[in-house]
1. Only four residue types carry charge here, +1 at the Cβ of Lys and Arg and -1 at the Cβ of Asp and Glu. Report the dipole size of region 33-163 about the Cα centre in Debye, rounded to the nearest 20.
2. Restricting to Cα pairs below 8 Å that are 6+ residues apart, what does the relative contact order work out to for region 32-214? Please round to a whole percent.
3. Could you tell me which chymotrypsin sites (Phe, Trp or Tyr not before Pro) in region 98-145 are loop residues by DSSP with no more than 15 other beta carbons within 10 angstrom of their beta carbon?
4. Compute the Cα gyration tensor for region 32-214, then decide on rounded, prolate or oblate, letting a ≥ b ≥ c be the square roots of its eigenvalues: rounded whenever a/c is under 1.5, prolate when a/b is larger than b/c in the other cases, and oblate in all that remain.
Amino acid sequence: MNVTVSSMIYSLTISFSSFLIIPTEIQAQACADYKIVSPLDEQLQVFSNWCTAAAVRVATSHYGRTFTQCELQGRALNLTCCPIADHTPGNDPSCHPNGTWPPAILNNVKFTFATLPDPPPWATITTEICNDRPIVSVVSELDLFNWHSVVIEGFQRQVVGIGEIHRVRVFDPQKEWCEEPCTLPEHHNPRFYTEDAFYSSEFDHSTDYTQITPIPTAPTDITTPAAPQGLRVR
């Protein structure tokens, strides 16, 4: 009798454990095909050369640190680019250099980051997005001669016959895109670029920045209490 009961309990445990594993497998499979980072606070760039401030703002706000574009631009340049109390950006020419790269801003607002190989393997892109990490990417269209910062916010893998089409979903702070209730199929949504187009055929790609993480600030109002006198540790 004890053996039978033990066997039943063992069988139920195995069945229950298998049931628990199924949702994880489904989730992993779903993420292998399609994923968009949880809702991002997107905002078009305020000025024509503030694309990096706009792109970095998306990433930093995703991790709970809220800045305006002019605050980020000012931190990078060690200037006051928000001269008005309501944080309206000013038009000071010194706040508008030819270009500001993501590390210049991230280092000055106390964020760490990692860079990806160029071009990054598809598995690396999907791993970052599946872990809910937006990627700030610096690219240049081949018919232009200026660098531009955008945010890779999702991906899609589409099986076609015996092959696959890989697409990255991009937020470009310079453009208004078709969004919901957009009637285009998702893989024709203009936010999507094929992996080949984004990383080789249509753009000159520079660097991807990911794992953009705020550096914890050490509390300054906590002091270590002095050891009590006359007591011994037992």
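1. Charge dipole of region 33-163: 320 debye, to the nearest 20.
2. 28 percent
3. Phe145
4. Note, shape of region 32-214 comes out prolate.
Values quoted throughout were computed directly from the atomic coordinates according to the rules given, and no laboratory measurement underlies them. Just so it is clear, the structure is predicted and the values come from calculations on it, not from any experiment. We place every Cβ from the backbone using ideal geometry, glycine too, and count neighbours over all the protein chains shown.
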